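The values are calculated or read from the model by the stated rules, or taken from the named source; none is laboratory data. Keep in mind that what you see is a predicted model, and the values were worked out from it rather than measured. Using ideal geometry, Cβ is built from the backbone for each residue, glycine included, and neighbour counts are taken over all protein chains shown. Keep in mind that these areas ignore ligands, DNA and RNA; they rest on the heavy atoms of the full protein, side chains included. Shrake-Rupley method; radii C 1.70, N 1.55, O 1.52, S 1.80 Å.
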Amino acid sequence: MRGEAILGEVAVDATAGPYCVIGEGARVGAGAQLGAHVIVQPGTIVGEGCVVQDGAVLGKQPKLAGHSSAPRERAAPLVLEAGAVVCCNAIVFAGARLGAGSIVGDQAYVRERTVIGAGSVVGRGTAVDNDVQIGERVRVQTDVYLTANSVIEDDVFVGPGVLTTNDSTMARHDDDYPVVGATLRRACRVGGAVVITPGVEIGEEAFIGAGAVVTRDVPARGVVIGVPGRVVRQVPDADLLENWR
């Protein structure tokens with residue numbers, strides 16, 4: 001193993017590229033592969049068979065603005081479960097958890113207390129804010145923004161450039177104002193460049209056409225298009241996920 005500063009516990013068959021830094025109390029599991037210039041912050045847990053590519057940062061503690069409403073206690077250690085992959089120059093904060101076999105793409109950004117389920121993919125340049133719950137087998141494409149306190153259930157598809165929001169006042173509110181993200185129910189599909197306004201729920205197996213602005217809840221299997229988005233029909237039986245496994 002070559003590394004510039006190895007202070008944590010590293011399995012004998014794990015590998016690390018040049019100038020890799022593994023902080024005190026961090027653990028790197030059997031068969032894990034760390035690229036060049038990877039930073040593993042103290043306490044981070046990298047599971048067996050994980051791959052962390054060049055320039056990635058694991059376990060960064062958040063630095064919050066004075067006006068931020070996010071919790072301020074120190075985040076727990078980051079955990080990468082077996083076989084998770086973090087690609088080049090991605091940043092995954094402390095307090096997050098990446099499920100087995102999940103992938104975080106190049107230059108992506110995953111904040112504290114976010115959970116990404118097993119087998120899910122977060123695409124290149126996507127930002128996942130704090131306290132987001134992402135289920136299993138979710139596909140989040142390139143340049144998506146998932147706002148804080150959002151819930152993405154199993155088997156959801158989120159197209160490139162999708163934007164979710166959680167503050168209808170745009171920062172003109174009291175400290176006790178509830179910040180509510182989007183809820184995307186199981187197996188719904190959200191097309192490219194869709195905008196979802198605060199607190200909106202997209203129903204199970206719903207389909208949102210590209211470029212729609214969704215300002216109200218969408219029923220299960222609803223097909224939505226337009227600005228503002230409107231339900232125009234139902235997803236047919238033939239298009240349900242159970243027929244495409």
Q.
So I have (1) 103; (2) 171; (3) 139, and one of them is volume of the Cα convex hull per residue in Å³ calculated from this model. Which one is it?
A. (1)
**Q.** 1.4 Å probe accessible area per residue over the range 134-245, in Å²
**A.** 52
(Q) Could you tell me the relative contact order of the range 153-245? Use alpha-carbon pairs under 8 Å, at least six residues apart, and round to a whole percent. (A) 22
Q. Any idea what the alpha-carbon Rg over 2.2 N^0.38 Å comes to for the range 52-141?
A. 0.99
Q: Please figure out what share of the DSSP beta bridges in the chain is antiparallel and state it in percent, rounded to the nearest 5.
A: 5
Q: Pop out the ³J(HN,Hα) list for the range 197-203 in order, Karplus 6.51 cos²θ - 1.76 cosθ + 1.60 with θ = phi - 60°, rounded to Hz; leave Gly and Pro as x.
A: 7, x, x, 6, 10, 9, x
Q) What are the residues whose amide H is under 5 Å from the amide H of ILE6, where those residues sit 5 or more places off or on another chain and H is modelled from the backbone? A) ILE22
Q | Residues whose placed amide H lies under 5 Å from that of VAL28, excluding near-sequence neighbours | A | GLU9, VAL10, ALA11, VAL46
Q. If you put +1 on each Lys and Arg Cβ and -1 on each Asp and Glu Cβ, how big is the dipole of the range 74-161 around its Cα centre, in Debye rounded to 20?
A. 200
Q: Counting only heavy atoms of the protein chains, get the accessible area per residue of the range 19-104 (1.4 Å probe) and round it to a whole Å² value.
A: 42
**Q.** Gain in span if fully extended, ARG172 to LEU64, counting 0.36 nm per residue against the direct Cα distance
**A.** 37.0 nm
Q: Considering Cα pairs under 8 angstrom that are at least six residues apart, work out the relative contact order of the range 51-91 and quote it in whole percent.
A: 72
Q) Rounded to a whole number, what % of the accessible area of the chain do carbon and sulfur atoms account for, probe 1.4 Å? A) 52
Q) What's the FRET efficiency of ALA5 with ARG186 using the Cβ-Cβ distance as r and R₀ = 51 Å, to the nearest 0.05? A) 0.70
